[in-house]
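The values are calculated or read from the model by the stated rules, or taken from the named source; none is laboratory data. Owing to the predicted nature of the structure, the values given are computational and were not obtained by experimental measurement. Glycine gets a Cβ as well: all are built from the backbone with ideal geometry, and neighbour counts include every protein chain shown. Heavy atoms of the whole protein, side chains included, go into the accessibility calculation; ligands, DNA and RNA do not. Shrake-Rupley method; radii C 1.70, N 1.55, O 1.52, S 1.80 Å.
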Amino acid sequence: MANILVTGGAGYIGSHACKALAKAGHVPIAYDNLVTGWEEAVRFGPFERGDLHSGDRLDEVFAKWQPEAVMHFAALSNVGEASREPGLYWRNNVGGSMGLLDAMAKAGCRRIVFSSTCATYGDRDGVVLDEQAGFAPLNAYGASKAAVEAMLADYGRAYDIAHVSFRYFNVAGADVDGEIGEAHDPETHLIPLALQAATGRRGALTLFGTDYPTPDGTCIRDYVHVEDLVAAHILGLDHLARGGVETAFNLGTGRGFSVREVVSAVARVTGLQVPMIEGARREGDAVALVSGSTLAGEVLGWQAERSTLDAMIGSAFAWHQKGTVYKA
Ligand code: UDP
């Protein structure tokens, strides 16, 4: 049992990580500025409101809880916004991570699990997207995460901070108990948007581009269940504790689905029609992002056990149907 500081602990993935940590017997301390997170999602341990740009606040929280490790989720993660306002992403994601690492170095906290992304890879037709693929991000979101991975290597060497980065493919689904789920304001992610369109909570879903060089003209993504994803983070803590040498792992299933396939699955699982219109491409979107790695399985023993479209859509739908709306 250990104290683990979870930045972004009030967000979608961070709150699921807090629950998984609590279930594993740890104390997750959620650190969040509530810009995109929800205080109601902090249910599994203490909450410390704070910003990564505030060194004093971070110092205070490290002194109070003496965390053994950090799970770092706090970041902006909207590809469209990142293309329009790159400065937001460099300031928040890169600057914020630097503030966190400075505070860790000062406090002597020596382990960090970092939330990275497959958006670091960019569009790489014909290239297998494994951990050796190298970075070629198409937008400031991917670029900001690649920069933080480089920062982790530098800080790791200088201050003896063991680090591991998980490069997420598309995270979806909700807690199996329905306690927490995905809520963004504004919502920009495909599955929650399709559910909202199907249930009449918003108008038609816009397909962002139907002329891509894919079988049905829409982009292909590799979807992974949030519960599988956070399970990998718990394994990541063990990996750091035993001095594992690998510093980056893809988290995806290796199976891609087009936007149209996802929307059809939403209709099938919910039994509802998903009204949709064909729209223009969204800037910053890669044609296809599918993991080409099994390293997390080989090294960490990780398996994507729940990451079927049906399980992801079904759990997200169950949570949406509860009518849970977080209030800021
Ligand atoms: N997408 C779409 N309409 C929407 C939202 C998303 O067609 O209203 C597409 C988007 O272009 C991408 C896929 O769905 O190809 C997944 O997008 P999302 O924003 O969920 O995740 P991302 O891949 O950007 O991390």
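Over the range 193-232, give the accessible area per residue in Å² for a 1.4 Å probe, as an integer.
33
Where a ≥ b ≥ c are the square roots of the eigenvalues of the C-alpha gyration tensor, would you call the range 27-70 rounded, which needs a/c under 1.5, or, failing that, prolate if a/b is larger than b/c, or oblate?
Numbers: a/c = 2.40, a/b = 1.19, b/c = 2.03.
Since a/c reaches 1.5 but b/c is at least a/b, the shape of the range 27-70 is classed as oblate.
Percent of accessible area on the range 279-328 owned by carbon and sulfur, 1.4 Å probe?
51
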Net lengthening on full extension, THR206/ASP185 (0.36 nm per residue, minus Cα-Cα): 5.8 nm
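Any idea of the accessible area per residue across the range 122-175, 1.4 Å probe, to the nearest Å²?
Numbers: 2120 Å² over 54 residues.
Each residue of the range 122-175 exposes 39 Å² on average to a 1.4 Å probe.
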Give me the distance between the Cα centres of the range 257-271 and the range 292-322, rounded to whole Å. 16
Take ASP123, project a point 7 Å from its Cα along the Cβ direction, then tell me which residues of the range 218-236 have their backbone nitrogen under 12 Å from it. 219-220
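Using a Förster distance of 35 Å, how high is the FRET efficiency between ASP238 and LYS106, based on the Cβ-Cβ distance and rounded to 0.05? Could you put the intermediate results ahead of the total?
Numbers: r = 26 Å, r/R0 = 0.74.
Efficiency for this residue pair is about 0.85.
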Within the range 218-264, list the trypsin sites (Lys or Arg not before Pro) lying in a DSSP loop whose Cβ has at most 16 other Cβ atoms in a 10 Å radius. ARG242, ARG255
Of all accessible heavy-atom area on the range 75-208, the percent that carbon and sulfur account for (1.4 Å): 49
Tally Lys and Arg at +1 and Asp and Glu at -1 over the other residues with C-beta under 10 Å from the C-beta of LEU295: what net charge comes out? -4
Which three numbers, in whole Å and largest first, are the semi-axes of the equivalent ellipsoid of the chain derived from its Cα gyration tensor as √(5λ)? 30, 22, 19
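Summing +1 for each Lys or Arg and -1 for each Asp or Glu, what net charge is found among the other residues whose Cβ lies under 13 Å from the Cβ of ALA75? If you can, show how the numbers build up before the last one.
On the way: positive: ARG91, LYS145; negative: ASP32, ASP51, GLU81, GLU149.
Charge balance near ALA75 sits at -2.
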Among ASN78, ASN33, ASN250, the residue with the largest mean-square fluctuation in a Gaussian network model of the chain built from Cα contacts under 10 Å is ASN78
Note to self: with every protein chain in place and a 1.4 Å probe, the range 1-77 gives an accessible area per residue in Å² of 38
Highest-MSF residue in the chain out of VAL245, VAL42, VAL274 [GNM, Cα springs under 10 Å]: VAL245
DSSP beta bridge pairing in the chain, given as percent antiparallel to the nearest 5: 5
Sticking with the crude label model, points 7 Å out along Cα→Cβ, report the distance from ASP154 to ALA2 in nm, one decimal please. 2.6
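Tell me the relative contact order for the chain as a rounded percent, counting alpha carbon contacts under 8 Å between residues six or more apart.
Details: 677 pairs, mean separation 62.4, N = 328.
After rounding, I find 19 percent.
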Around ASP216: net Lys/Arg minus Asp/Glu count, Cβ-Cβ under 12 Å: -2
